[in-house]
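The structure appears below as structure tokens.
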């Protein structure tokens, strides 16, 4: 299964107000494991950067002035995404910008069915708590000390780690089974447990066993060991 953990930075909160994407970062996962393949691009929004947005991501008009417009990178971006599942934190925000940019470039939108929203997963698992990316990093012990400002690639890298924790830890597909069975659906990994050919030799010495029995006798009939062994 191919997934793209993705984030964007923008000039504002809504494309309906003329705001544009200025950065896209994506991390490729295959069967929930990073492949090392990334997508990262800065984009000239062809408009002035509001100070409020600059304070968040630090991308200035001067820095973005020689970067390509979205129309120039639209095809390579769509090719990178392909039919991979997009993993995005607060997906509706990024998706409305991505699809507005694709429409501006004369290209079809990315379907909602192709998206996993990690914010929704976090809300279901931790209702009532803070589920921002920073809060989730703290909850799962993900080092976000380098996140002084928002950045699409850095945030994608952090989200990839958080996502693996949200879906069950570093090995979400590891499954232990007692006998051979079909686990192909879902990409699970089958581990067959076989009985030992012979039991392990006892590790207690005869003296330790005798001392333990004497302790139980001293406790009397109320000893919990008598009800379990």
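Each value in this text was obtained by applying a stated rule to the coordinates, not by laboratory testing. Keep in mind that this is a model prediction, so the values were computed, not measured. Positions of Cβ are generated from backbone atoms using ideal geometry, with glycine treated the same way; all protein chains shown enter the neighbour counts.
Listing for the model above:
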read-out: Value of Rg to Rh for segment 2-171 (Rh from inverse mean 1/r over Cα pairs, i.e. Kirkwood); value: 0.95
read-out: Percentage relative contact order, segment 2-171, counting C-alpha pairs under 8 Å, at least six apart; value: 27
read-out: Value of relative contact order over segment 30-113, rounded to a whole percent, pairs C-alpha under 8 Å and six or more apart; value: 25
read-out: Cα centroid of segment 97-157 to Cα centroid of segment 14-56, whole Å; value: 11
read-out: Ordering of 1-10, 57-66 by burial proxy (mean other Cβ atoms within 10 Å per residue, highest first); value: 1-10, 57-66
read-out: Pair residue 90, residue 61: separation of 7 Å Cα→Cβ label points (nm); value: 2.6
